[in-house]
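What follows is a single structure, written as structure tokens, with notes after it.
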Amino acid sequence: MGVIVYKPSLKTLPRVLVHKYGSKFPRNSDGLGVLWLDDFTIEKFHHDTNSIDKFYEILRSPRPFILQLRKFRKGEDTIENVPPIDRNGPIVTFHVGNVPTWNDNKASDSLIYNQLLNDKTNDHAGTIAVARQAKGNLFIDFDLENKNPIPFNESAGHWDIPGEVWISEKELE
């Protein structure tokens, strides 16, 4: 669950968008993760008292990023389940949605998905395809080796500024 903001440009967000995105924080404040697209570093925050300040700092930054706010629904309420998920592989995962067939009590859907994606010992292509096609799901996989985003169901969001900032369409309750 949560909200994803993808800003590939080096431009600073207009104040109206910072305010618009900021209004989503209270309902999605169980975790905050960011992948900085200029140096490919990841930062995560979990129930941190400074999370709201960090969130606004990221939104106001001219640096390019993919950011996700987490709304705790499945899996344990831990930093490990805060996107972006990076589990033993070159792909990090951002995910908004629910894969109804995955009922692990400790792992979020995002964590399970990323583990399957990066597991080179087994072929999980069918399971991954089912997850990507689950109604209302949005995945952005980021390939750290090739430095490019791989969106699935991009239509689950929209470009507020074409080519400069994209946001997931709705928060899933």
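Any lysines with Cα under 26 Å of the Lys7 Cα? List them, leaving off those in the same chain fewer than 8 positions away.
Lys20, Lys24, Lys44, Lys54, Lys71, Lys135, Lys147, Lys170
Kindly provide the helix-only [θ] at 222 nm of the chain, computed as the sum of -39,500 (n - 2.57) over DSSP H runs of four or more divided by all residues, to the nearest 500 deg cm²/dmol? Could you put the intermediate results ahead of the total?
Details: 4 runs with 37 residues, N = 173.
Only helices count here, giving -6000 deg cm²/dmol.
Where nothing but the Cβ of Lys and Arg (+1) and of Asp and Glu (-1) is charged, how large is the charge dipole of the range 31-173 around its Cα centre, in debye to the nearest 20? If you can, show how the numbers build up before the last one.
Numbers: 15 positive and 23 negative charges, 55 e Å.
That gives the range 31-173 a dipole magnitude of about 260 debye.
By accessible area of protein heavy atoms, probe 1.4 Å, what ranking do Lys106, Lys120 get, highest first?
Details: Lys106 130, Lys120 155 Å².
Largest to smallest exposure gives the sequence Lys120, Lys106.
Where only protein heavy atoms count, and the probe is 1.4 Å, what is the accessible area per residue for the range 31-126 in Å²? Don't jump to the answer; show the numbers that get you there.
Details: 4340 Å² over 96 residues.
Spelled out: the 1.4 Å probe surface of the range 31-126, per residue, equals 45 Å².
Can you give the accessible area of Trp102 in Å² (nearest 10), computed on protein heavy atoms with a 1.4 Å probe?
Probe radius 1.4 Å; accessible area of Trp102 about 30 Å².
If you build the convex hull over the alpha carbons only and average its shadow over all orientations, what do you get for the range 1-99? Give it in nm² to one decimal.
6.3
Of the heavy-atom accessible surface of the range 45-134 (probe 1.4 angstrom), what whole percent is carbon and sulfur?
It is 48 percent, rounded to a whole number.
Over what distance in Å are the Cα centres of the range 8-29 and the range 73-106 separated?
23
Which log10 I(q)/I(0) values, to two decimals, does the chain give at q = 0.08, 0.11 Å⁻¹ under the Debye formula with one point per Cα?
So the normalised log intensities are -0.21, -0.41.
Over the Cα atoms of the range 42-113, what Rg and Dmax result, in angstrom?
13.0, 39
Just want the answer: with Cβ charges of +1 for Lys and Arg and -1 for Asp and Glu, which residue in Thr78, Thr41, Leu17 is farthest toward the dipole's positive end in the range 10-91?
In the range 10-91, that residue is Leu17.
The values are calculated or read from the model by the stated rules, or taken from the named source; none is laboratory data. These numbers come from a predicted model, not from an experiment. All Cβ positions, even for glycine, are placed from backbone atoms using ideal geometry, and neighbour counts span all protein chains on display. Side chains are part of the model used for accessible areas, which takes the heavy atoms of the whole protein and leaves out ligands, DNA and RNA. Shrake-Rupley method; radii C 1.70, N 1.55, O 1.52, S 1.80 Å.
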